[in-house]
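Colleague: Sending over a structure as structure tokens; questions will come in a sec.
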There are 4 protein chains.
Amino acid sequence: MPNALQDARYEIALASRMLANEGVLDAFGHVSLRHPADPGRYLLARSRSPQLVEPADVLEFTLDSQPVEPPSVHLFAERVIHGCIFEARRDVMAVCHHHAPAVLPFAIAGVPIMPVFHLGAAVGETVPFWDQRDEFGDTNLLVVKPEEGRSLARALGGYAAVLMIHHGATVVGRDLRELVSRTIFMCRNAEFQLQAQMLGKVVPLSSGEAKLAGSLNALPNVVGRTWEYWTMRLAEAGRLPPRGPTSSKTSSSSRKTSATASSKTSNNKRKGITRRTRT
Amino acid sequence: MPNALQDARYEIALASRMLANEGVLDAFGHVSLRHPADPGRYLLARSRSPQLVEPADVLEFTLDSQPVEPPSVHLFAERVIHGCIFEARRDVMAVCHHHAPAVLPFAIAGVPIMPVFHLGAAVGETVPFWDQRDEFGDTNLLVVKPEEGRSLARALGGYAAVLMIHHGATVVGRDLRELVSRTIFMCRNAEFQLQAQMLGKVVPLSSGEAKLAGSLNALPNVVGRTWEYWTMRLAEAGRLPPRGPTSSKTSSSSRKTSATASSKTSNNKRKGITRRTRT
Amino acid sequence: MPNALQDARYEIALASRMLANEGVLDAFGHVSLRHPADPGRYLLARSRSPQLVEPADVLEFTLDSQPVEPPSVHLFAERVIHGCIFEARRDVMAVCHHHAPAVLPFAIAGVPIMPVFHLGAAVGETVPFWDQRDEFGDTNLLVVKPEEGRSLARALGGYAAVLMIHHGATVVGRDLRELVSRTIFMCRNAEFQLQAQMLGKVVPLSSGEAKLAGSLNALPNVVGRTWEYWTMRLAEAGRLPPRGPTSSKTSSSSRKTSATASSKTSNNKRKGITRRTRT
Amino acid sequence: MPNALQDARYEIALASRMLANEGVLDAFGHVSLRHPADPGRYLLARSRSPQLVEPADVLEFTLDSQPVEPPSVHLFAERVIHGCIFEARRDVMAVCHHHAPAVLPFAIAGVPIMPVFHLGAAVGETVPFWDQRDEFGDTNLLVVKPEEGRSLARALGGYAAVLMIHHGATVVGRDLRELVSRTIFMCRNAEFQLQAQMLGKVVPLSSGEAKLAGSLNALPNVVGRTWEYWTMRLAEAGRLPPRGPTSSKTSSSSRKTSATASSKTSNNKRKGITRRTRT
């Protein structure tokens, strides 16, 4: 199997677990990457909680969110979020959809999230809203139909993230590390904004500050430090994903390896060791 | 012992510990199931903190909350909550009573909990209130007498949950998984609603949205993913219940097994292993 | 050494660690017991963080807070809190002074804590305030002088607790378990009250309800369940105190035992085992 | 290597990890000490998350923030904060820059932090603000240029801390333990102040109380108790730094030692053992 594809699978598993460990994802939410070799495809896990995603859970989809191989597992009902955004945004290489507690209050109150500390500028000065009811009337709020995904992509426009009323948020990035840092910093920013509101007033960064601070999360210094930090915390929690394509349910001979890898990952909690399954 | 009954005992222990692990139950609260073979009976643990409940703690009661066998242990004083609800609601198979921190503020302020995100619709558009003082004047707020339990059941009516003023809440389900997901999502919803209130306004789902989103938690996809997630978190915390009916205080030969099972469960923390005691 | 005294030493160590584990005590705060054989003495640890207190840390004091034996260790500067309360209140057998985050906001805003859920009635309908500045002008807010301790005891009066402006709280009990449950439930109550305030209004229990619910925490059923729960959580965290009088700094031969006991206590985290040092 | 310098390196690693463990530092923030033998130099780690800093990460800088030896690693872009403060304040021996969640709301709302409980007086009655935009217009909010660091030092003046609008805070101390306790108590104070604000009003300590309580954190009793507490919590989390100068990336023969030390530090979680690498 080409290394780039296998690396991408691992990165999705790692980012899913990382975002779960940092309080962004829980039982719900998902992370995707555009296929490293084919911009007309993207990679997304089967329907599984982010904290548990393994590389072998990651499947390939066309941009109209059809699985490339016939699926033998449940798929995320909301995968059109990813497909439609990859379709609409040629610059986007990574997408995250989540229900993070930090942003839900804003998605309920309809109060805009604004950058209030320097790292919060990572998603830009403006985060647009999208309310499924505007175009589709009463629904169960799942983004399932292609037209719903395209409507969301239109609301996202050229921005870095979109707040989904009564639902959560979707964040994009030009690579996975940008996606992860934007997602986490947007949540921290939201928490600070809510508490500043409780103190009586919220004074956001100026436009000029927001523009200049918007690229802080991409400084090599910052990328290196944060990625090491979030990875170490994930390792400490014993939740690093196993490596290798043969984990999970794709082949019988891999099942034992996966179980071993998973429990050893758990056992490696606090040891900071990433266990590698031989390919 | 019939497998269905033993399974039900295990499910109650599992759900009790799961809800404790997810911050709903603490030293207080309890989960019951209607007897799988006799709708005129229900299953409920002896008086013990939910986090510690084992299958052998689970006893049988008639719908007027009399223990089927003479008890040698303390019983929950508030078991009439369960009996009266099973009596009044033929459709209900599982009941949870709790004092979750997420809902207490609403049960104190008398502010209605409304669905504010899609999964919060799992308990429906309306959660009625019940104030023990209305019918019974000043009491110690425990629901102990049959007439108190029946009053609560009347307030619950056909709804999925009832908020108990100055006390907590009681949630019902047509099966255990529905009960657990309703209970957890209602708590998350309450937390988001309180924080949206702090931002200045709360805009709930529309009636149509609430109706359609109300069954999200029952989608096979969602049930599978959440149950795996909550179970894995419980296993990670080393708090899975032991299996088997001979744990706890029901027989002397089981006491050592129980202690072994319990400490091994604790030792299995982080290993993701469920230890099975032979039946 | 008489068993009652050794048991009391252990109970203080246990309660200190328990209250630290439940978020009431941190680096600061202390728990005392009236001497089981001499009402003119009380037991209190040397100056040490509650989480680390061991039975051998517990010293004897007269009611005017003089150590019975010449101390070779630092003493709590604020021990007059305990001595003066034991002096003024013949019914009190246990005292806790703390800076719990749950109550500090009330001790800053001067907003009374009122019972808002049934278990919150454990400290009664009224918790009086005490402001050191009223009688003593500007001080460093430590309660160090006998007259300051007596002033605090006067403010406590016959109540179960007193809120100390800009400082924290002091809680009393007729036995240790009542003290611990009152302390914890008062904190939970304060948290719920603050959040109900954020929802817009706080409706306390009626006087009648508060009186009746005030003894819930003393029901055998409740005492048993909560004590097991809090103890099990402490054991799970590997923080049970070692038993035995020879731990800590009272004799050289005990130092190694203490270190062994302490690290073995840590190693016993998740195993639920209390290590006993031979007397 | 002189012991004082090696001790200082260890202290910086310890304090960085301690402040990370206490929720003050995260992926960002840094702690410095003035060089023990040369007031014209200071010690600061290379660019690394505080939780991961090891003694060998700690480098020497002149007061104009030039590294004394040619660096082979990334440096903190904001080290001028430390250099400029050491230059302006002859009394200061330790500096911490952070983005603690507890203070960010105040640095956003522009609401002053005031001592509201006795230990909160550790940073004094007044914490001034500094807004980078006042002198420098729109920037990315990093304090990188010497003139920016000098501007910050002017705002700090003779105070114990300065709040940096949209950024965080910087705290100073006359020794490391004063720095750490000031930093932690300022955060706790801020949390209490925000919650008192939610209750409706904030009543700070009087000027006289603030002055007298301002030295509580320096009482030997308090220093000993808190340092033991914070150290024990760090040890319990398995995050004590390794000792010795050969860890980290300064020499190839040390790399293996460092990795071993790091994973053994992790493995020592819950055992309370500090692993010493031979010098």
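Colleague: Put +1 on the Cβ of every Lys and Arg and -1 on every Asp and Glu Cβ in the protein assembly as shown; which of C:V92, A:L119, B:N21 then has its Cα farthest towards the positive end of the dipole?
Modeller: So the residue we want is B:N21.
Colleague: What whole number of Å gives the distance from the Cα centroid of region B:106-179 to the Cα centroid of region A:1-42?
Modeller: For region A:1-42 versus region B:106-179, the Cα centre distance is 42 Å.
Colleague: Below 8 Å, C-alpha to C-alpha, sequence gap of six or more: please give me the relative contact order for chain C in percent.
Modeller: 21
Colleague: If you line up the Cα atoms of region B:77-138 on their principal axes, what length do they span on each, largest first, in Å?
Modeller: Extents along the principal axes: 33, 32, 19 Å.
Colleague: Most mobile of B:V24, B:V180, B:V144 per a Gaussian network model of chain B (Cα springs, under 10 Å)?
Modeller: Among B:V24, B:V180, B:V144, the largest GNM mean-square fluctuation belongs to B:V144.
Colleague: For C:M93, C:M186, give me the order by solvent-accessible area with a 1.4 Å probe, most accessible first, ignoring ligands, DNA and RNA.
Modeller: C:M93, C:M186
Colleague: Using only DSSP helix segments of four residues or longer, with each worth -39500 (n - 2.57), what per-residue ellipticity at 222 nm results for the protein assembly as shown after dividing by its residue count and rounding to 500?
Modeller: Numbers: 36 runs with 456 residues, N = 1116.
Rounded to the nearest 500, it is -13000 deg cm²/dmol.
Colleague: Give me the dipole magnitude in Debye, nearest 20, for the protein assembly as shown about the Cα centre, with unit charges on the beta carbon: positive for Lys and Arg, negative for Asp and Glu.
Modeller: Computed charge dipole of the protein assembly as shown: roughly 4920 debye.
Colleague: Here's something else I'd like to know. Quick one: in chain D, whose Cβ comes closest to the D/A rotation axis, and how close in angstrom?
Modeller: Result for the D and A rotation: D:M198, 4.
Colleague: Also, I was wondering about something else. For region D:99-175, what is the relative contact order in percent, using Cα pairs closer than 8 Å and at least 6 residues apart in sequence? All intermediate terms of the calculation are to be shown ahead of the outcome.
Modeller: Numbers: 97 pairs, mean separation 30.2, N = 77.
It rounds to 39 percent for region D:99-175.
Colleague: Classify the protein assembly as shown from the C-alpha gyration tensor, please: rounded if a/c falls under 1.5, else prolate or oblate depending on whether a/b exceeds b/c.
Modeller: It comes out rounded by the Cα gyration axes.
Colleague: How much of the accessible area of region C:34-81, probe 1.4 Å, is carbon plus sulfur, in whole percent? Walk me through the intermediate numbers first.
Modeller: On the way: 860 of 1740 Å².
Here it works out to 49 percent.
Colleague: Say R0 is 22 Å: what FRET efficiency, to the nearest 0.05, do B:R41 and C:L219 get from their beta-carbon distance?
Modeller: Details: r = 26 Å, r/R0 = 1.20.
Here the calculated transfer efficiency is 0.25.
Colleague: Taking the Cα-to-Cβ direction at A:R90 and at C:E69 and moving 7 Å from each Cα, how far apart do the two end points lie in nm?
Modeller: 8.4
Colleague: With both partners inside chain D, how many of the DSSP beta bridges are antiparallel, as a percent to the nearest 5?
Modeller: Restricted to chain D, the bridges split so that about 90 percent are antiparallel.
Colleague: Continuing with this model, one more query. Under 10 Å, Cα contacts only: if you run a Gaussian network model on chain A, which one of A:E228, A:E78, A:E60 comes out with the highest mean-square fluctuation?
Modeller: So, out of A:E228, A:E78, A:E60, the one fluctuating most is A:E228.
Colleague: Using a/c under 1.5 as the rounded threshold, could you call region A:1-95 rounded, prolate or oblate? The axes a ≥ b ≥ c are square roots of the C-alpha gyration tensor eigenvalues, and prolate needs a/b larger than b/c, oblate otherwise.
Modeller: rounded
Colleague: Sticking with this structure for a sec: For chains C and D, what's the summed buried accessible area, probe 1.4 Å, to the nearest 100 square angstrom?
Modeller: Buried area between the two chains comes out at roughly 3400 Å².
Colleague: Can you tell me the 0 to 90 degree angle between the C-alpha axis of helix A:220-236 and the longest principal axis of chain A, rounded to 10?
Modeller: Here the helix axis deviates by roughly 60 degrees.
Colleague: Sticking with this one: Output the antiparallel fraction of DSSP beta bridges having both residues in the protein assembly as shown, as a percent to the nearest 5. Kindly include the intermediate steps, with their values, before the conclusion.
Modeller: On the way: 88 of 96 bridges.
In the protein assembly as shown, approximately 90 percent of DSSP beta bridges are antiparallel ones.
Colleague: Hey, what did region D:20-166 get for relative contact order, percent, Cα under 8 Å, at least 6 apart?
Modeller: Details: 242 pairs, mean separation 34.8, N = 147.
So the answer I get is 24 percent.
Colleague: Please sort by residue number the trypsin sites (Lys or Arg not before Pro) in region B:146-249 whose DSSP state is loop and whose Cβ has at most 12 other Cβ atoms within 10 Å.
Modeller: On the way: sites: B:R150, B:R154, B:R174, B:R177, B:R182, B:R188, B:K201, B:K211, B:R225, B:R233, B:R239, B:R243, B:K249; in loops: B:R174, B:K201, B:R239, B:R243.
When the trypsin sites (Lys or Arg not before Pro) of region B:146-249 are filtered for loop state and at most 12 Cβ neighbours within 10 Å, B:K201 remain.
Colleague: When ligands, DNA and RNA are left out and all protein chains stay put, how many square angstrom of accessible area per residue does region C:116-205 have with a 1.4 Å probe?
Modeller: On a per-residue basis, region C:116-205 sits at 32 Å².
Colleague: Rounded to the nearest 10 degrees, what's the angle between the helix B:252-267 long axis and the longest principal axis of chain B, both from Cα atoms, 0 to 90?
Modeller: The two axes meet at around 60 degrees.
Colleague: Test of understanding: in a Gaussian network model of chain C with alpha carbons linked when under 10 Å, which of C:N217, C:N21, C:N140 would top the mean-square fluctuation ranking?
Modeller: Among C:N217, C:N21, C:N140, the largest mean-square fluctuation in the Gaussian network model of chain C belongs to C:N140.
Colleague: Hey, what angle do you get for helix C:146-156 against the long axis of chain C, alpha-carbon based, 0 to 90 degrees rounded to 10?
Modeller: 50
Colleague: What is the calculated FRET efficiency for D:N3 to D:E60, with r their C-beta to C-beta distance and R₀ = 22 Å, to the nearest 0.05?
Modeller: Efficiency for this residue pair is about 0.90.
Colleague: Run the dipole for chain A about the Cα centre, Lys and Arg Cβ at +1, Asp and Glu Cβ at -1, nothing else charged, and hand back the magnitude in debye, nearest 20.
Modeller: With only Lys, Arg, Asp and Glu charged at Cβ, the dipole is about 1340 debye.
Colleague: Which entries of A:K145/B:K211; A:K201/D:K201; A:K201/D:K211 have Cα-Cα distances beyond 22 Å here?
Modeller: Exceeds cut-off: A:K201/D:K211.
The values are calculated or read from the model by the stated rules, or taken from the named source; none is laboratory data. What you see is a predicted model; the values in this text were computed from it and never measured. Backbone-built Cβ (ideal geometry, glycine too); neighbour counts: all protein chains shown. Note: accessible area is taken over every heavy atom of the protein model, side chains too, but ligands, DNA and RNA are not part of it. Shrake-Rupley method; radii C 1.70, N 1.55, O 1.52, S 1.80 Å.
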